[in-house]
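**Q** One structure follows; several queries about it will come next.
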Amino acid sequence: MIEKHFVKQSIKKVQLHQYLKQELGRAGFTGFEMVKTPMVTRIVVNVSRPGLAIGKGGQNIRTLTETIQKVYGVDNPQLEIKEITQPDLDAKSVADKMKGMIERGFAWRSVAFRTLQDIERAGAVGMEVILSGKLAGKGGRKKQVRFSKGYMKKVGDQVKLVDEAKVTTYPKVGAIGVTVRIIRPGTFFPDKIDVKQTLYDRKHPVVKESPAATGTTVTTPEDKVEAHEKAAAIVHEKAEAKKGDAA
């Protein structure tokens, strides 16, 4: 059954992820990508501290490669270390950092505020941190606290553009769930309109010189919409004509 093959592949990926997380936790491991080629199987590992992942003279890479090939049955693996240049804009890296600080005894509220400041300094468009669980201390009931800044997308297909990560931290008082959402700088949402820029474009239409340089033509937003509608009508007429010829 082909379904069993895909199930086995998925289980192998989960086991490999757990192994790499255990071995490269100190190097800031956040995830990996596996790409199969006719010659080798490329495994790109994302870490925030590549020096710890590579090891002295590449010893760690050789050990990991041998283990992945023998234990997990990956054909001819080729390990590549990819550095996360901006850890404060990577949701998984931020969540792991918060987990470590809370487990070392830092107050969860100060950790959340500090995290928001670091993400904001990195230039993120929007950020959100949600903490839930034993926040009230020993004997207290569980609760949820949310910290956010900037613009955040919550529903629709465009949620895929939001980098999200979830971890669970275990301080002495009890388990605390951490959720981090980040919208990186330069992320474009099709339904997000800049009102100020739109009003400016309407007040200051684009002026283009004619090819013959005999005068000038003014292009307004209404003209652009009209031209777009005409082009769509021409495409529709051509499609209808092809259907008629085929009939």
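**Q** Just one of Gly126, Gly105, Gly174, Gly139 is at positive phi, touching a Lys or Arg at 6+ places or on another chain (Cβ under 8 Å) and not polar (S, T, N, Q); which is it?
**A** Numbers: Gly126 fails: at positive phi; Gly105 fails: touching a Lys or Arg at 6+ places or on another chain (Cβ under 8 Å); Gly139 fails: touching a Lys or Arg at 6+ places or on another chain (Cβ under 8 Å).
The unique qualifying residue is Gly174.
**Q** Can you report the number of residues in segment 4-22 which are closer than 16 Å to Ser93 by Cα and surrounded by 13 or more Cβ atoms within 10 Å (Cβ to Cβ)?
**A** Here the count works out to 3.
**Q** Another question, then. Can we say Thr169 is of a type in the set (Ser, Thr, Tyr) and surrounded by 14 or more Cβ atoms within 10 Å (Cβ to Cβ)?
**A** Yes: the conditions hold for Thr169.
**Q** Still on this model: Only strands (runs of 3 or more DSSP E) wholly contained in segment 146-247 count here; list those with 3 or more residues that are at pLDDT 80 or above.
**A** Output list reads 163-169, 176-183.
**Q** Just the residues that are of a type in the set (Phe, Trp, Tyr) and in contact with a helix residue (DSSP H, G or I) (Cβ under 6 Å, 6 or more places away or on another chain), please, taken from segment 81-120.
**A** Within segment 81-120, Trp108 is the sole residue that qualifies.
**Q** Residue pairs, Cβ under 7 Å, 6 or more apart or interchain, first in segment 176-188 and surrounded by fewer than 18 Cβ atoms within 10 Å (Cβ to Cβ), second not hydrophobic (A, V, I, L, M, F, W, C) and not in a strand (DSSP E or B). List them.
**A** Within 7 Å, the pairs are Pro185/Gly123.
**Q** Give the residue that is surrounded by the most Cβ atoms within 10 Å (Cβ to Cβ), with candidates limited to residues of segment 80-103 that are modelled with pLDDT under 90 and part of a loop (DSSP other than H, G, I, E, B).
**A** Ile84
**Q** Quick check on segment 52-79: of everything there that is over 26 Å from the mean Cα position of the chain (by Cα) and of a type in the set (Gly, Ala, Ser), which residue is surrounded by the fewest Cβ atoms within 10 Å (Cβ to Cβ)?
**A** Step by step, filter segment 52-79, then rank; the result is Gly57.
**Q** Now, a different point. State whether one or more residues within segment 66-74 are within 15 Å of Val178 (Cα to Cα) and either acidic (Asp, Glu) or assigned by TED's automatic domain parsing to the domain that holds Lys149 (or both).
**A** Our first condition is that a residue be within 15 Å of Val178 (Cα to Cα); within segment 66-74, this holds for none.
Scanning segment 66-74, I find no residue that is within 15 Å of Val178 (Cα to Cα) and either acidic (Asp, Glu) or assigned by TED's automatic domain parsing to the domain that holds Lys149 (or both), so the answer is no.
**Q** Continuing with this model, one more query. Output the residue which, of all residues in segment 1-26 that are modelled with pLDDT under 85 and aliphatic (A, V, I, L, M), is nearest to Met101 (Cα to Cα).
**A** Once the filter is applied, the top-ranked residue is Ile2.
**Q** Right, next: How many residues does segment 104-140 contain that are in a loop (DSSP other than H, G, I, E, B) and small (Gly, Ala, Ser)?
**A** Of the residues in that region, 9 qualify.
The values are calculated or read from the model by the stated rules, or taken from the named source; none is laboratory data. These numbers come from a predicted model, not from an experiment. Cβ: placed from backbone, ideal geometry, glycine included. Neighbour counts: every protein chain shown.
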